[in-house]
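Each value in this text was obtained by applying a stated rule to the coordinates, not by laboratory testing. It should be emphasised that the depicted structure is a prediction, and the values quoted were computed from it without experimental measurement. Because the Cβ atoms are built from the backbone with ideal geometry, glycine has one as well, and the counts that use them run over all protein chains shown.
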Amino acid sequence: MPAIPITLFCNEQVQSKHFDSVMPIQHPRFNLMDKVLLMNSSPYENTLFLDTDTYVCDSFEELFTLLDKFDLALAHSTYRAVYRVNGIPDSFPEFNTGVMLFKKSPQIKQLFADWLALYERDVGKEQQWLTPFGIVTKVDSNLNDQPAFREAVYNSRVRVANLTSEYNCRFESPGFVHNTVKILHGRHPNPRMIANTINADRSRRTHIMKWGTLKVACGHDGRRNHFDLVKWSLHYRGLWATVALIAQRLRDRFRKP
C-alpha cells in the first residue's frame with residue numbers, strides 16, 4: 001500500500017515511527033465527546049478516521065477513490081439503531097462512526113458541526129432505547145455518538161457511500177464477509193490472530209464470537225466448498241482466469257502477516 005500519512009490525536013506526548021504527527025488534545029473529556037469535537041481538525045484533504053479499537057489487516061488505498069464521487073463513506077451499525085430519534089424512519093439506520101472516510105469541504109464541516117450540536121443537546125438527557133422487550137427510557141452516562149450522527153446525516157445533503165463489512169468488520173458481533181477483510185473493528189488481546197482466522201478463507205463466510213474465540217463458517221451449511229467454487233469460476237471466468245485466481249489466493253494465504 002502506498003505510504004499514507006498518519007496523525008494520532010492524543011492527550012499525551014507520543015513518539016513513534018508509526019505516526020507522522022501527533023495532535024495534542026487540550027482539556028480532554030475522556031469520553032466520546034472528544035471524538036466529535038475533533039472531527040473537523042483533520043490536517044488532511046481526504047481522511048480515513050479510525051477508532052482506537054481498529055486493526056488494519058490489508059491494503060485499503062482503493063477506499064480513497066470513493067471521494068471522487070462522494071463526500072463521506074462509512075458502514076451501517078450492526079445494531080442498526082440503538083435509540084429512537086423522532087422524525088427519522090427505521091429504514092434509515094445508524095452508521096458506525098468508528099471507521100469514517102471523508103473529504104474536507106464546507107458540507108462536511110457543517111455536518112460535523114451539526115453532529116456536535118445534536119450530541120451536546122442529547123448528552124445527559126433521557127433517550128428512548130430500542131430493546132427486544134420494547135422501548136426503554138433512560139439516561140446513558142456515556143451516550144453513544146451515533147444517534148446524533150444519524151440525525152445530522154439524515155437532515156444534510158452530503159453524498160454518503162455505504163462501506164461493506166470488509167472495511168469495518170465488527171467481529172465481536174455475528175456477521176457476513178466476502179473476500180479479504182481489510183479493517184477489523186473491536187477489542188481483542190490478539191487482533192492479528194483474529195485477522196488470520198477471518199482471512200484464512202476468502203470465500204463467502206459468516207463469523208461469530210464464542211467465549212472469546214472467533215468461529216468462521218464458509219460455504220453451504222458451514223462446510224468449505226472449494227470444489228463448488230472452482231466449478232463456478234471455471235464456468236463464469238474460464239480456465240486461465242481461474243488458475244490465476246487460485247494462484248493469487250494461495251499467495252495471499254501463505255503470505256506472512
Quiz item: Given H placed on each backbone N at 1.01 Å, which residues far from Arg159 in sequence or on other chains put an amide H within less than 5 Å of it?
Solution: Asp71, Leu72
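Over the Cα atoms of the range 1-78, what is the Rg over Rh ratio if Rh follows Kirkwood?
Details: Rg = 13.8 Å, Rh = 14.5 Å.
Taking Rh as the inverse mean 1/r over Cα pairs, Rg/Rh reads 0.95.
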Quiz item: Please report, for the Cα atoms of the range 175-254, the Rg to one decimal and the Dmax as a whole number; what are they, in angstrom?
Solution: 14.1, 43
Self-check item: For the range 170-180, Karplus couplings with θ = phi - 60° (6.51, -1.76, 1.60), whole Hz, Gly/Pro x
Solution: 7, 5, 6, 10, x, x, 10, 9, 8, 6, 7
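Order these peptides, 70-80, 239-249, 7-17, by their mean beta-carbon neighbour count within 10 angstrom, highest first. Don't skip to the end; give the middle numbers.
Details: 70-80: 19.0, 239-249: 12.6, 7-17: 11.1.
Top to bottom by mean Cβ count within 10 Å: 70-80, 239-249, 7-17.
What value, in deg cm²/dmol to 500, does the helix sum -39500 (n - 2.57) over DSSP H runs of n ≥ 4 give at 222 nm once divided by the residues of the chain? Working shown, then result.
Values: 6 runs with 68 residues, N = 257.
Mean residue ellipticity, 222 nm, calculated: -8000 deg cm²/dmol.
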Quiz prompt | GNM result for the chain, Cα springs below 10 Å: residue of Leu229, Leu66, Leu214 fluctuating most strongly | solution = Leu229
Self-check item: Antiparallel content of DSSP bridges confined to the chain, in %, to 5
Solution: 75 percent
Exercise. Take every Cα-Cα distance within the range 46-167, group them into 5 Å bins from 0 onward, and report for each bin the whole-number percent of pairs it holds.
Key: 2, 10, 20, 23, 19, 14, 8, 4, 1
Quiz item: So which residue, out of His27, His178, His207, gets the largest mean-square fluctuation from a GNM of the chain using Cα contacts under 10 Å as springs?
Solution: His27
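Rounded if a/c is under 1.5, else prolate if a/b beats b/c, else oblate: with a ≥ b ≥ c from the C-alpha gyration tensor eigenvalues square-rooted, which is the chain? Working shown, then result.
Values: a/c = 1.84, a/b = 1.49, b/c = 1.24.
Note, shape of the chain comes out prolate.
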Practice problem: Would you list the P(r) distribution for the range 31-73, with all Cα-Cα distances sorted into 5 Å bins from 0 and each bin expressed as a whole %? | Solution: 5, 15, 25, 25, 20, 10, 1
Self-check item: Sorted by Cβ neighbour density within 10 Å, fewest at the top, the residues Tyr236, Tyr119, Tyr154, Tyr83
Solution: Tyr236, Tyr154, Tyr83, Tyr119
Quiz item: For the cross-link pairs Lys35/Lys69; Lys104/Lys125; Lys69/Lys104, which exceed 24 Å when the distance is taken from alpha carbon to alpha carbon?
Solution: Lys35/Lys69; Lys104/Lys125
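Please state the relative contact order of the range 46-167 as a whole percent: Cα pairs under 8 Å, 6+ residues apart? Don't skip to the answer; put the middle values down first.
On the way: 179 pairs, mean separation 43.0, N = 122.
Dividing the mean separation by the residue count of the range 46-167 yields 35 percent.
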Quiz item: Which ³J(HN,Hα) values, rounded to whole Hz and listed in residue order, are derived for the range 33-45 from phi using the Karplus coefficients 6.51, -1.76 and 1.60 in 6.51 cos²θ - 1.76 cosθ + 1.60 with θ = phi - 60°, glycine and proline given as x?
Solution: 4, 4, 4, 5, 4, 9, 4, 7, 9, 4, x, 10, 6
Quiz prompt | Table column - 3J(HN,Hα) (Hz), the range 53-64, Karplus curve with 6.51, -1.76, 1.60, x for Gly and Pro | solution = 9, 9, 9, 7, 9, 7, 4, 9, 4, 5, 4, 5
